[in-house]
1. In the stretch 150-180, which residues are surrounded by 20 or more Cβ atoms within 10 Å (Cβ to Cβ), of a type outside the set (K, R) and touching a residue at least 40 places away in the same chain (Cβ under 8 Å)?
2. Counting only residues that are basic (K, R) and either at pLDDT below 95 or under 17 Å from I154 (Cβ atoms) (or both), how many does the stretch 195-228 have?
3. Find all pairs meeting these conditions: Cβ atoms under 9 angstrom apart; at least six residues apart or on different chains; first residue within the stretch 81-100 and of a type in the set (D, E); second residue at pLDDT 95 or above and in a loop (DSSP other than H, G, I, E, B).
4. Kindly provide the set of residues from the stretch 113-172 that are hydroxyl-bearing (S, T, Y) and assigned to a strand (DSSP E or B), ordered by number.
5. Can you pull out the residues in the stretch 65-76 that are out of contact with any Lys or Arg (no Cβ under 8 Å at 6 or more places or on another chain) and closer than 17 Å to K3 by Cβ?
6. So which helices (runs of 4 or more DSSP H) are wholly in the stretch 1-109 and hold at least 2 residues that are out of contact with any Pro (no Cβ under 9 Å at 6 or more places or on another chain) and surrounded by fewer than 17 Cβ atoms within 10 Å (Cβ to Cβ)?
7. Is one or more of the residues making up the stretch 193-206 surrounded by fewer than 20 Cβ atoms within 10 Å (Cβ to Cβ), in contact with a Pro (Cβ under 9 Å, 6 or more places away or on another chain) and assigned by TED's automatic domain parsing to the domain that holds R169?
8. Given the conditions (1) of a type outside the set (V, I, T); (2) surrounded by 15 or more Cβ atoms within 10 Å (Cβ to Cβ); (3) at pLDDT 95 or above, report the number of the one that E138 does not fulfil.
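The values are calculated or read from the model by the stated rules, or taken from the named source; none is laboratory data. On a predicted model such as this, the values are computed, not experimentally measured, just so you know. In this analysis, Cβ positions are derived from the backbone assuming ideal geometry, glycine residues included, and neighbour counts consider all displayed protein chains.
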Amino acid sequence: MLKLTMRSFDLPLRHTFTISYDSRDVQETLIVELQQGDHKGYGEATSNPYYGFTIENMTNALEKIREKIESTELTTPEAYWAEMQPLLADNPFALCALDLAANDLYGKMNGQPLYKLWGLEANNMPLTDYTIGIDTVENMVKKLKEMPWPLYKIKLGTKEDVAIIKELRKHTDAVFRVDANCAWGVEETIENSRQLKPLGVEFIEQPMRADDMEGMKEVYQRSELPLIADESCITEADVAKCHGYFHGVNIKLTKCGGLTPARRMIAEAKSLGLKVMVGCMTESSVGISAIAQLLPLLDYVDMDGALLLSKDIASGVTINFGKVNYSEVNGTGVTLIA
């Protein structure tokens, strides 16, 4: 029998974190623990107003099926996910937390890190970027200097986006990625791509509204920089829809329902010739360490969520100047310290 435990935490941020449609100083998160015998597996999902998921509705969704969660045998995480998905179809965030806990527990029960159980090797792993949220240019420069890094993701969505990048470029020779979080229009994206390319920008993430696929088609044909889908790629069904509109997809575990569907999405994206990125929320080392298991499969990764916190609730993978190092713990490598 499995034993389910749920805990919620307020994760304090180093700085106010602002993107084009949200701003916050604290991030609420739900930690799901699955225990079998002496082994405990941990999963995480953060609350998210944009997608409508709260600690309360995630907790309620899991509590409602507690009996099923605890009585279903964990033969494999994939079989376990298939049992739970129909019951949590309308709450992928809760499903994600449960799936990560099941994967972590499975790795610990089998005495291996998850990536090794999947037959992967810890080589050719991409560096993670570090995110600079929207702020005054002076504060954005301060954040660059506070965290010297080889690769930054810069959140944009203001009237001064190109000017911001020009100013930041004066202070670092790091690679930039820009994320407009749906804030731009067609001509704006095309013009911005032309101006941002010589400023050392690698790609543009989700420039336009998720539902403006007609506009994206034109941008895809005329952009001078690669385009990565985020809000346009949520579930497994969305991967194929992004083909011919984006050059790659950013998969988020919470949005798709965990590691189990994310691995299928990665395989499908690769089969379509799309670049693959996995992104994070502002989350603790529980969620970040789960993402790390996928690293050998990825072209790009954005897994700096725990670095944005002033205090973490778990230990797991560590990140040094963009490079991810696995912990000595099996499963996803997580130990809860809070």
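1. Matches in the stretch 150-180: L151, L156, D179, A180.
2. So in the stretch 195-228, the residues basic (K, R) come out as 197, 209, 217, 222.
From what's left, either at pLDDT below 95 or under 17 Å from I154 (Cβ atoms) (or both): 197.
Total meeting the criteria: 1.
3. If the second residue must be at pLDDT 95 or above and in a loop (DSSP other than H, G, I, E, B), the pairs left are E83/T72; D99/G257; D99/G258.
4. In the first step, residues of the stretch 113-172 are kept if they are hydroxyl-bearing (S, T, Y); the result is 115, 128, 130-131, 136, 152, 158, 172.
Those that are hydroxyl-bearing (S, T, Y) and assigned to a strand (DSSP E or B): T128, Y130, T131, Y152.
5. Narrowing the stretch 65-76 to residues out of contact with any Lys or Arg (no Cβ under 8 Å at 6 or more places or on another chain): 65-69, 71-76.
Hits for the stretch 65-76 are I65, R66, E67, K68, I69, S71, T72, E73, L74.
6. Numbers: elements: 55-64, 66-71, 77-84, 92-109.
In the stretch 1-109, 55-64, 66-71, 77-84 are the helices (runs of 4 or more DSSP H) which contain 2 or more residues that are out of contact with any Pro (no Cβ under 9 Å at 6 or more places or on another chain) and surrounded by fewer than 17 Cβ atoms within 10 Å (Cβ to Cβ).
7. So in the stretch 193-206, the residues surrounded by fewer than 20 Cβ atoms within 10 Å (Cβ to Cβ) come out as 194-195, 197-200, 202.
Right, trim to in contact with a Pro (Cβ under 9 Å, 6 or more places away or on another chain) and you get 202.
Narrowing the set further to residues that are assigned by TED's automatic domain parsing to the domain that holds R169 leaves 202.
Scanning the stretch 193-206 turns up at least one residue that is surrounded by fewer than 20 Cβ atoms within 10 Å (Cβ to Cβ), in contact with a Pro (Cβ under 9 Å, 6 or more places away or on another chain) and assigned by TED's automatic domain parsing to the domain that holds R169.
8. Here E138 clears every test but (2).
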